[in-house]
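The values are calculated or read from the model by the stated rules, or taken from the named source; none is laboratory data. Bear in mind the structure is a predicted one, so any value in this text is a computation, not a measurement. Methodologically, a virtual Cβ is constructed for each residue, glycine included, from the backbone with ideal geometry; neighbour enumeration extends over all protein chains shown. Surface areas here come from the heavy atoms of the whole protein model, side chains and all, with no ligands, DNA or RNA. Shrake-Rupley method; radii C 1.70, N 1.55, O 1.52, S 1.80 Å.
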Amino acid sequence: MLAIRLATFDDINQIMLLVRRVTELLNQQGNYQWDKNYPLQSIFEQDIWHKTLFVVQQRQQLVGIICINTQQAEEYIGLNWLSENNNFYVIHRLAVDPLYQMSGIGKALLHFADQHTLLNNKQYIRLDTFEGNETANSLFKKHGYQYIDQIQYEGYTGFYNCYEKQIIAQ
């Protein structure tokens with residue numbers, strides 16, 4: 001059974017192991033959005049400190065992570081977003097352990113983000129992913145995210161697809 005909860009500092013070793021596995025897989029696929037410089041352990045420690053990092057636990061093992069906060073990349077400014085105010089969250093560092101991919105964990109994390117957004121009186125979620133990350137791009141589209149535009153991060157090759165989803169209480 002999946003359990004999604006706030007990450008703690010006790011989780012950091014398992015988080016970094018998961019990140020190494022995901023980074024290796026992404027790099028093998030020609031996707032360098034994650035590398036030795038990003039994401040660093042210090043970023044996850046900040047996420048934990050700010051209580052914005054959540055983990056998926058299955059049988060005592062961390063199998064997925066997601067950061068949900070209001071911090072958007074500078075590159076997002078000027079895009080034609082659906083939301084016109086600050087009524088949004090941004091998803092960062094969504095990852096599923098390669099051993100558990102294609103088992104519904106990514107979908108569960110996105111559903112969790114939807115619920116978290118509603119509970120905190122936000123109406124939209126924004127995110128981005130590398131244009132070549134077919135798995136993530138497909139997941140976001142299937143989960144109702146609308147393509148907005150592309151951005152490019154300084155120091156990284158390629159473009160990043162930006163998405164947004166309106167969250168409506170049902």
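Scanning the stretch 48-65 for residues that are of a type in the set (Phe, Trp, Tyr) and open to solvent by less than 40 Å² (accessible area, probe 1.4 Å) returns a single hit, Phe54. Within the stretch 111-128, being under 12 Å from Leu94 (Cβ atoms) and in contact with a Ser or Thr (Cβ under 7 Å, 6 or more places away or on another chain) holds for one residue alone: Ile125. Scanning the stretch 35-47 for residues that are surrounded by 20 or more Cβ atoms within 10 Å (Cβ to Cβ) and hydrophobic (A, V, I, L, M, F, W, C) yields a total of 1. Checking each residue in the stretch 114-159 for being more than 25 Å from Ser103 (Cα to Cα) and open to solvent by less than 50 Å² (accessible area, probe 1.4 Å) picks out Lys122, Tyr124, Ile148, Ile151, Gly158. For the stretch 80-113, give me each residue that is on the phi > 0 side of the Ramachandran plot and exposed (fewer than 14 other Cβ atoms within 10 Å of the Cβ). Residues satisfying the conditions are Met102, Gly104.
For (1) in contact with a strand residue (DSSP E or B) (Cβ under 7 Å, 6 or more places away or on another chain); (2) touching a residue at least 40 places away in the same chain (Cβ under 8 Å), each residue gets a yes or a no:
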| residue | (1), (2) |
| --- | --- |
| Leu2 | yes, yes |
| Ile15 | yes, yes |
| Arg20 | no, no |
| Thr23 | yes, no |
| Leu26 | no, yes |
| Asn31 | yes, yes |
| Lys36 | no, no |
| Gln41 | no, no |
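Here the strands (runs of 3 or more DSSP E) wholly within the stretch 23-99 that include at least 2 residues being more than 15 Å from the chain's Cα centre (by Cα) are 53-58, 61-69.
Can you give me the number of residues within the stretch 124-136 that are without any contact (Cβ under 8 Å) to a residue 40 or more places away in the chain and under 18 Å from Leu82 (Cβ atoms)? Total satisfying the criteria: 1. Filtering the stretch 97-129 to residues that are within 17 Å of Leu139 (Cα to Cα) and β-branched (Val, Ile, Thr) leaves Ile105, Ile125, Thr129.
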